[in-house]
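Asker: Handing you this structure, nothing more for now.
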């Protein structure tokens, strides 16, 4: 049981996959991040935490995917192709802001991104390149992501540092950070065209198997927007740090 929990936990954190029997988990996760848009409240959310790790299919909280190759990598080199769906909770309800200009903006809604990734397993961690696109037509935008995850695993707990870079196209950036001509007319803000640009991030995810069935997870993610995005007149800061804490029951 301990080996199964350890292997499945590492998979759930997105680290180097290891062989494990199918596993289900159910719980909740709370997240906090400072305000993204000017004069809006800090973002506090609680999500159901649903997990499933099978040979090919997996569900991890706000995302799901399908691996072409089975999970059976216990070290050394390997590779895989993964099809993914990922919920993006970023949004703006203009009425939440105390800034009268922000109140005149269009709403930014949450969406779901879908795409494909290539994974390379090595003795020094997991490298992944992925391309994702908006499946709900909110922005019709796309992004590419490159990341490197290195797991440090022990009998009942572990930690997974990650570094990465995300490059967003102009459609996605304009939806999230741009000011259209009509919005500028209504709000008095300067029109802002957010071209393609990116952000780098550093994350640390950890887990603790309190018992054979109870697991606690925690994470901290630091992200820094680059280029002209930081000049957007509607965002509070180009730097964002999100923390999350979850608890789940493993079947």
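Asker: Mean separation of Cα pairs under 8 Å and 6+ residues apart, divided by the residue count of the chain: what relative contact order is that in percent?
Answerer: Relative contact order comes out at 19 percent.
Asker: Sort 41-52, 187-198 by the packing proxy (mean of other Cβ within 10 Å over each peptide's residues), most packed first.
Answerer: 187-198, 41-52
Asker: What is the fewest-to-most order of 226, 155, 128 by other Cβ atoms lying within 10 Å of their Cβ?
Answerer: Sorted ascending by nearby Cβ count, the order is 155, 226, 128.
Asker: In terms of the Cα gyration tensor, with a ≥ b ≥ c the square roots of its eigenvalues, is the range 100-235 rounded because a/c is under 1.5, prolate because a/b exceeds b/c, or oblate?
Answerer: prolate
Asker: Could you work out how far helix 2-12 tilts from the main Cα principal axis of the chain, as a 0 to 90 degree angle to the nearest 10?
Answerer: 20
Asker: Scan (i) 68, 57, 39; (ii) 47, 43, 31; (iii) 61, 31, 27 for the value of Cα extents along the principal axes in Å calculated from this model and give just the label.
Answerer: From the options (i) 68, 57, 39; (ii) 47, 43, 31; (iii) 61, 31, 27, the structure gives (iii).
Asker: Follow-up question, since we're still on this one. Between the range 178-194 and the range 68-144, how far is it from one alpha carbon centroid to the other, in angstrom?
Answerer: The two parts, judged by their Cα centres, are 26 Å apart.
Asker: Rounded to the nearest 500, what is the 222 nm mean residue ellipticity of the chain from helices alone, with -39500 (n - 2.57) per DSSP H run of 4+ residues and division by all residues? Intermediate values should be presented prior to the final figure.
Answerer: On the way: 3 runs with 26 residues, N = 251.
Value at 222 nm, helices only, nearest 500: -3000 deg cm²/dmol.
Asker: Label-point separation (nm) for residue 157 and residue 249, each offset 7 Å from Cα along Cα-to-Cβ?
Answerer: Placing both labels 7 Å beyond Cα along the Cβ direction yields 2.4 nm.
Asker: What is the fewest-to-most order of 205, 38 by other Cβ atoms lying within 10 Å of their Cβ?
Answerer: Final ranking by Cβ density, sparse to dense: 38, 205.
Every number here is computed from the coordinates shown, using simple stated rules; none is lab data. Bear in mind that the values here come from a model prediction, so they are computed numbers and not experimental data. Methodologically, a virtual Cβ is constructed for each residue, glycine included, from the backbone with ideal geometry; neighbour enumeration extends over all protein chains shown.
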